[in-house]
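Taking it in order: structure first as structure tokens, then the write-up.
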Amino acid sequence: MNEMQKEIAQKALCEWLSKQEQMGGKPPKKIEFAFALKDDQNNDRIFFVFKFKKSAVGKYLIGIAGGFEDEESTECGLVFSGFDEFPDDRDAAVELAFKMIDFIVQFEARKKLQAVFEKNLKYIGSKDIDAEKLARQFVKTNTRFFLTVGQVDVPSGRVVVADPLCYMFGEHVIAPVLKREIPKGTYPAEAALFRNPLAGIRMCTARLKIKDTEAVRYELAESEEETAAAKLKDGVMHGFPVDAGMMCFCDSEGAKAYGAFLGKWHKENPGKNHYDDYFAAFFAESGKKLPQFQREGGDFIEWTNPDTNERLVMIASGFGDGFYRSFWGFDDKDEVCELIVPMVDPDLFEE
């Protein structure tokens, strides 16, 4: 046991306790070291467990401090007490301490994830794309990967990028058709993803590859006014809302056929949910085939409309719901080579 770490932990716990309402602004009257623990569920981080009293009389309560990464570490980042009574039985005390450690580790992880999430909102809200920064998402490393997740048929030459589960059918369709046309054909849809202990596996950028050349600059993909997400005083809002954690690349006429298919499916399956009772099976199958590249339950599928035999691709939208934008990528000949949807900036997790 590292005595210096124990002293740092005790001081950190006393300072933390003195700021809690239950202590009335005062440090504990008595505090004693109980035992140390190594948490093998969280990278073998070291914690120190103490028992303390709020006043000279009364029962001992339990508190923890630590999170030291190794025997040489001096950073005490995690401190907590739920002001529970310190158990007389050592095994019960150890069990309670581990529960407290698990709670504070998860709490800190959520705080960190929330901070990154807020920074990421600025990333997806920006209209400027750094081509070199984005290209790094499509280079395989220990934490980053990319793969083709399906083929998209675009027989009309017009593309829709939208939330397929909420906004491509029914009474409230928000499926913007992009102004720019591309050659009629079939194109591979790719997903750049990363793995991180804090966020797990996340889809970072969805890409429809139109030409086999490299993008050197990006331009906001503008929507037709008639199908735009919203009309503003100075024009239209370019982009698309997501309310079901999913986006898709689809042909403009294919989007209408998709809506018609779902309308018919709901008539034939009254009271059922088109995700839980239909699409979930496709995602589950995808998850089983490629579990190393997506979360449990699946993050992407290629789906063929049984009525038209045309394909579209659905991809999980990074951190989920929000408002996303599409961008055309241009190569060094100033020709369109891809269409992208930035969703998560992996650099935020690696900083």
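Observations
- With both labels modelled 7 Å from their Cα along Cα-to-Cβ, the residue 217 to residue 57 distance reads 8.0 nm.
- Debye log10 I(q)/I(0) for region 247-351, one point scatterer per Cα, at q = 0.16, 0.19, 0.21 Å⁻¹: -0.93, -1.18, -1.30
- Positive end of the dipole of the chain (Cβ unit charges, origin at the Cα centre): among 126, 280, 113, the Cα lying farthest that way belongs to 113.
- Note that region 117-268 shows a convex hull volume over its alpha carbon atoms of 146 Å³ per residue.
- Alpha carbon convex hull of the chain, projected area averaged over orientations, nm²: 23.6 nm²
- Linear extension gain, residue 180 paired with residue 267, 0.36 nm per residue minus alpha-carbon span: 27.8 nm
- Trypsin sites (Lys or Arg not before Pro) restricted to DSSP loop in region 212-287 with at most 12 other C-beta within 10 Å: 233, 272
- Using a Gaussian network model of the chain in which every pair of alpha carbons under 10 angstrom is joined by a spring, one finds that among 111, 209, 99 the greatest mean-square fluctuation is at 99.
- Surface share of carbon and sulfur [accessible, 1.4 angstrom probe, percent] for region 52-185: 51 percent
- By the Stokes-Einstein formula, at 1.567 mPa s and 4 °C, region 1-147 with its Kirkwood radius over alpha-carbon pairs has D equal to 73 µm²/s.
- FRET efficiency for residue 128 and residue 84, using Cβ-Cβ distance with R0 set to 45 Å, rounded to 0.05: 0.35
- At full extension, residue 35 and residue 335 could sit 101.4 nm farther apart than now, given 0.36 nm per residue minus the alpha carbon distance.
- Alpha-carbon radius of gyration plus Dmax, which is the widest Cα pair, for region 143-208 in Å: 14.8, 42
- Accessible area in square angstrom per residue, region 66-116, 1.4 angstrom probe: 60 Å²
- Accessible surface of region 265-326 [probe 1.4 Å, protein heavy atoms]: carbon and sulfur percent: 47 percent
- Most mobile listed residue (240, 47, 330) in the chain, GNM with C-alpha springs under 10 Å: 47
- Region 35-94 and region 167-246 have their alpha-carbon centroids 48 Å apart.
- The chain: most fluctuating residue of 58, 239, 157 per GNM, C-alpha cutoff 10 Å: 58
- For region 204-324, a crude dipole built from +1 on the beta carbon of Lys and Arg and -1 on the beta carbon of Asp and Glu, taken about the Cα centre, is about 240 debye to the nearest 20.
- Looking at region 140-261, the accessible area is 44 square angstrom per residue; that uses a 1.4 Å probe and ignores ligands, DNA and RNA.
The values are calculated or read from the model by the stated rules, or taken from the named source; none is laboratory data. The model shown is predicted, which means the values in this text are computed figures rather than measured ones. We place every Cβ from the backbone using ideal geometry, glycine too, and count neighbours over all the protein chains shown. Heavy atoms of the whole protein, side chains included, go into the accessibility calculation; ligands, DNA and RNA do not. Shrake-Rupley method; radii C 1.70, N 1.55, O 1.52, S 1.80 Å.
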